[in-house]
Structure formats: C-alpha cells, structure tokens
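**Student:** Pasting a structure below so you can have a look.
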Amino acid sequence: ELNKQKIWVSCQGIDVKLLSSPSEEQYKAIDEVSHLGLLPPPGDLTKNQVELWGKDFAPEMTKLVLPQALEGLPFVFYINQVSRICTHQIVRTRFGAAFIQQSQRAGDMTAAWHRMPVTVFADQQQRDAFIFQVNEAREAYGNMLKADVPVQDARFILPQSICTHIGAVYHWPALKDLAGKRLRNFMQHEINAVLRAMRAQVLDHVGSVMADQLKAGCEWSGVCQQAEPSMEPCGKFPTKPEFADLKWQTLKESNTHAWKLDLAKFGGSP
C-alpha cells in the first residue's frame, strides 16, 4: 500500500553502483610513487615487478612503503533513492571526497519518493501521521508551483524524507575511513545499508582483499564502539568500560522496531 504512496520503508529501493574503480595503469603508477627514493626510478622496474600487476595487485597494495600514495586510487559511486537525511550524512566526509547531488533548486520534485524509517512504520499512529504529512507537503509543493512560486523557493516545504541521488568520488583512504564509521551497527540504518552496498560493489569489481578492508571501526580495534542507546551491542567485542552501564533501547528481532537488511543485496548481517 505504501508503494502507491511512493514511500519506501527502511532500506527498500536503495540503489548503489560502482561506476569507476582504479585501472591497472593507476595501480602501477601508485606502486611506483610509493617506492620513490627506495627503488630505481619509474621505468626501471624489472619484468618480474611488472608481472605482479593485474589481478595480483590487491595483496601487494597492503605492502606499499608510502601508504599516502593510495590517495591516488579513485572510486566513483552512484547512490540512488536515498533520503536527503542520508545524503547529508554522506557529504560530511570532506577530505578525499567529492560529490554531485540532484538539484532541488532547478528540478521539479513533484513525483519524488519518500523514505519512512521502520521504527515509524512499526507504529500505526506514527505511520499514519507520517503518510499524512508527506502528502500534505506534496500537495502544498504542487500548489506553489501552480501559483508560479519558483521551484527554488517551493522546495522549502519539502520534508527531509524525500529521496534523491548523489554521485560520490572517494580516494581509497577516505573510503576506508567512511566505512569504519558508517558500517558500525548502531549507525542509522539507511547510511549503514548504503555502506554495505558500497562494500558489496567493491567486492564484485575489485576483489575480496580490498573489500575486506572496508569494515567497521570495531573490526579494526577489537573494541565495541557502541556509545549510543539506540541498539544493544552485538557482543562480538568487549564494550568500553565507560559504556558498560548504558541502558540500551534494544532493537532486536523480538522488538517491533527491529529492522533487517536484505542480505542478498547488502551483504553481511546487521
């Protein structure tokens, strides 16, 4: 029924594509740069060194002498049907990233979809209120356009739940840092799902060695980083002592507010 209202629930409809990943020539160049001052100049590499490249690049990448060179490896993603709330979280990564987002200033958003959190969907009263407010905003927006209010002014009435798309360019260290923050289980579910989908795309296009480096901060540190009462820790890692007594607002399968990811699409359990 919500599809008739053009409202997605939870992670429905999220579409993430890896448009571009580093080429073999870029990998070779990065390796040469990373060894400057320690190996013969670029162009003097032996035949055996050259043959390391291609599919065998990823294992060698982890051995780079100067890891700063990895900033020269670009990954370009297309992220579609996510809320403006989600894109506001995505663009907080400023170093090593660039973004191009759908414009509400120049485009008519009358037919746009909206996204409802599953915690709202689970409560009949709140779900009805959400649907009412979204449709009220849509009607008001359309009436403004009919009254010749400029699109760039009419957009002020639109809720943050409205869906949009964004192009995102990351160099490799920025992508790893983003994954470390947003793959943590207690992150808001939409951004968490986007990062899982990005990781799955890297796995498909580049391979497991690089994709395995896209993991939550707790996986790197071995310590649970849960510091918010939104979701109880998974228990895989010990909790920091200062958060041991935090009263969790548990979101599990037994709770009506629980959420699950489409594992076939996003990979890994929440």
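**Student:** Look through the range 144-162, keep the residues that are open to solvent by 10 Å² or more (accessible area, probe 1.4 Å) and of a type in the set (A, V, I, L, M, F, W, C), and return whichever of them is farthest from residue 15 (Cα to Cα).
**Tutor:** 147
**Student:** Which residue pairs have Cβ atoms closer than 8 Å, lie 6 or more positions apart in sequence or on different chains, and pair a first residue in the range 120-139 that is over 20 Å from residue 11 (Cα atoms) with a second residue that is assigned to a helix (DSSP H, G or I) and open to solvent by less than 80 Å² (accessible area, probe 1.4 Å)?
**Tutor:** 135/5; 137/157
**Student:** Answer yes or no: is there a residue in the range 79-92 that is open to solvent by less than 40 Å² (accessible area, probe 1.4 Å), under 22 Å from residue 207 (Cβ atoms) and at pLDDT 95 or above. First the steps, then the outcome.
**Tutor:** Here is the first cut: in the range 79-92, the residues open to solvent by less than 40 Å² (accessible area, probe 1.4 Å) are 79-80, 82-83, 86-87, 89-90.
Now narrow it down to the ones that are under 22 Å from residue 207 (Cβ atoms): 79.
Going one step further and asking which of them are at pLDDT 95 or above, we end up with 79.
Yes, the conditions are met somewhere in the range 79-92.
**Student:** So residue 203 ticks every box in (1) over 24 Å from residue 119 (Cβ atoms); (2) open to solvent by less than 50 Å² (accessible area, probe 1.4 Å); (3) assigned to a helix (DSSP H, G or I) but one. Which box is left unticked?
**Tutor:** Result: residue 203 passes all but (2).
**Student:** If you don't mind, another one. Just wondering, is there one or more residues in the range 93-115 that are assigned to a helix (DSSP H, G or I) and open to solvent by less than 20 Å² (accessible area, probe 1.4 Å)? First the steps, then the outcome.
**Tutor:** Step one: of the range 93-115, the residues assigned to a helix (DSSP H, G or I) are none.
No, there is no match, as no residue in the range 93-115 is assigned to a helix (DSSP H, G or I) and open to solvent by less than 20 Å² (accessible area, probe 1.4 Å).
**Student:** Moving on. How many residues are touching a strand residue (DSSP E or B) at 6+ places or on another chain (Cβ under 7 Å) and open to solvent by 30 Å² or more (accessible area, probe 1.4 Å) if we restrict to the range 190-200?
**Tutor:** 0
Residue-wise test of (1) charged (D, E, K, R); (2) within 14 Å of residue 167 (Cα to Cα).
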| residue | (1), (2) |
| --- | --- |
| 68 | no, no |
| 71 | yes, no |
| 75 | no, yes |
| 79 | no, yes |
| 82 | no, yes |
| 88 | no, yes |
| 91 | no, yes |
| 95 | no, no |
| 98 | no, yes |
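**Student:** For residue 132, are the conditions met, namely being aromatic (Phe, Trp, Tyr) and surrounded by 15 or more Cβ atoms within 10 Å (Cβ to Cβ)?
**Tutor:** no
**Student:** Restricting the search to the range 163-189, which residues are surrounded by 21 or more Cβ atoms within 10 Å (Cβ to Cβ), assigned to a helix (DSSP H, G or I) and in contact with a helix residue (DSSP H, G or I) (Cβ under 6 Å, 6 or more places away or on another chain)?
**Tutor:** Selection gives 172, 179, 182.
**Student:** OK, next. How many residues are acidic (Asp, Glu) and modelled with pLDDT of 75 or more when one looks only at the range 212-241?
**Tutor:** Residues that pass the stated criteria total 2.
**Student:** Among the residues of the range 102-125, is there at least one that is in contact with a strand residue (DSSP E or B) (Cβ under 9 Å, 6 or more places away or on another chain), within 18 Å of residue 19 (Cβ to Cβ) and at pLDDT 90 or above?
**Tutor:** In the first step, residues of the range 102-125 are kept if they are in contact with a strand residue (DSSP E or B) (Cβ under 9 Å, 6 or more places away or on another chain); the result is 102, 104, 109, 112-118, 120-121.
Going one step further and asking which of them are within 18 Å of residue 19 (Cβ to Cβ), we end up with 102.
From the residues that got through so far, the ones that are at pLDDT 90 or above too are 102.
Checked the range 102-125: at least one residue is in contact with a strand residue (DSSP E or B) (Cβ under 9 Å, 6 or more places away or on another chain), within 18 Å of residue 19 (Cβ to Cβ) and at pLDDT 90 or above.
The values are calculated or read from the model by the stated rules, or taken from the named source; none is laboratory data. In this text, all values refer to a predicted model and were calculated from it rather than measured experimentally. FYI the Cβ positions are ideal-geometry reconstructions off the backbone, even for glycines, and counts take in every protein chain you see. Just the protein is used for accessible areas: all its heavy atoms, side chains included, with ligands, DNA and RNA removed. Shrake-Rupley method; radii C 1.70, N 1.55, O 1.52, S 1.80 Å.
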